[in-house]
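Here is the structure we will look at.
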Amino acid sequence: MRLITRGRHHATFEFGNLRVTALRDGYIDMPPTRLRDEDGCALAELPATVPLVGDNLRLSVNAFFVTDGTRSLLIDTGASNNWHDPTMGLIYDALDEAGIDRQHITDVAITHNHEDHVSGLIALDGSEAFGRLERVWIGAGDTSVFTGRLEPIRDRVVPVTEKAAINDWATAIPTPGHTPGHTVYEITSSAGHLFAWGDTVHVPSLQFERPKVSWEFDGDQAQARAARVDLLEQLTQPHHFVAGAHLDSPGIARVTPSREGYALEYLAPPIG
């Protein structure tokens with residue numbers, strides 16, 4: 001995978017016969033008390049290697065656009081203006097900066113139903129963000145989110161109940177734990193495999209080295225922990241890459257074994 005262009009809010013990579021663009025929606029600050037040990041208790045001590053901004057963890061919020069030149073898939077959509085914190089909602093700027101016309105996007109894959117992943121289906125002015133939208137893929141356990149503001153899109157929802165092909169290079173893989181319908185999207189190109197893994201990891205400076213550390217908002221912490229360890233092990237194989245919603249933007253990296261855990265190697269320096 002090779003970086004070919006980047007800007008303030010995006011980075012585009014050549015990935016064999018595909019192009020992958022990381023889109024920066026912004027960031028959110030969260031207290032470190034959200035981290036949980038294996039007993040579900042707040043983590044007793046935060047390692048000095050975990051950076052804080054003020055007293056908070058800063059989590060990047062990323063989405064990813066994949067295209068073969070004819071077909072495309074947008075994975076996650078950011079928060080739009082549906083979050084109390086104004087530090088997100090930049091995905092539309094990121095798409096413009098990357099030269100991607102959002103009115104041409106027909107397929108969107110949502111990793112799970114939390115606001116910072118699904119809310120960007122509705123633009124800042126309340127209109128549908130993707131005027132030619134035909135399908136929204138999301139885990140069957142998370143489809144209840146399509147009410148209220150998102151109700152107009154409900155008739156285009158494709159519930160994912162099992163491993164399923166979206167097209168000949170994208171596959172939806174159910175990975176419940178963070179939410180009942182949490183879904184990973186595997187992108188396969190002539191250069192390897194990319195796992196867009198949603199909220200498998202929230203704090204990359206800690207959860208690669210210590211993958212058994214969980215997040216308060218993991219609906220089933222044990223299940224989320226098991227899914228994380230399984231995915232990390234898969235990602236240590238050659239020609240495998242990860243695209244993480246909360247990895248430091250642009251959020252695309254390699255994973256290698258390291259002592260009792262794993263190490264993360266970003267393919268491009270952080271944005272912003």
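Put simply, the amide H of Val160, placed in the peptide plane, has neighbours under 5 Å in Ile138, Gly139, Ala140, leaving out anything fewer than 5 places away on its chain.
Across the stretch 96-165 the C-alpha pair distances fall into 10 Å bins from zero in the proportions 19, 55, 23, 3 percent.
Where only DSSP H runs of four or more residues are counted, the chain gives -3000 deg cm²/dmol as its mean residue ellipticity at 222 nm, each run worth -39500 (n - 2.57). Based on alpha carbons, the Rg and Dmax found for the stretch 1-125 are 16.6, 50 Å.
For the stretch 32-42, the Karplus equation 6.51 cos²θ - 1.76 cosθ + 1.60, evaluated at θ = phi - 60°, returns couplings of x, 5, 6, 6, 10, 7, 5, 8, x, 8, 4 Hz by residue, with Gly and Pro reported as x. Pairs of Cα atoms in the chain fall into 5 Å distance bins, from 0 up to the last occupied one, in shares of 1, 6, 14, 19, 21, 19, 12, 6, 2, 0, 0 percent.
What are the trypsin sites (Lys or Arg not before Pro) within the stretch 197-256 that DSSP puts in a loop, where the Cβ has at most 14 other Cβ atoms within 10 Å?
Those that pass, being in a loop and sparsely packed, number zero.
Taking amide H as placed 1.01 Å from N in the peptide plane, Ile166 has its amide H under 5 Å from the amide H of Thr171, Ala172, each at least 5 places away in sequence or on another chain. Under 5 Å between amide hydrogens, built in the peptide plane, is the criterion, and for Ala129 it picks out Ile122, Ala123 among residues at least 5 positions away or on other chains.
In order along the stretch 128-143, the phi-based Karplus estimate (6.51 cos²θ - 1.76 cosθ + 1.60, θ = phi - 60°) of 3J(HN,Hα) comes to 5, 6, 10, x, 10, 4, 10, 9, 10, 8, 7, x, 4, x, 10, 6 Hz; Gly and Pro are listed as x. Scanning the chain for GluC sites (Glu not before Pro) lying in DSSP loops with no more than 15 further Cβ atoms inside 10 Å, the longest uninterrupted stretch between such sites is 46-133. Surface composition of the chain: carbon and sulfur atoms hold 48% of the protein heavy-atom accessible area at a 1.4 Å probe.
The values are calculated or read from the model by the stated rules, or taken from the named source; none is laboratory data. What you are looking at is a predicted structure, and each value in this text was computed from that prediction instead of being measured. Don't worry about glycine lacking a Cβ; one is built from the backbone with ideal geometry, like all the others, and counts go over all protein chains shown. With ligands, DNA and RNA removed, areas are computed over all heavy atoms of the protein, side chains included. Shrake-Rupley method; radii C 1.70, N 1.55, O 1.52, S 1.80 Å.
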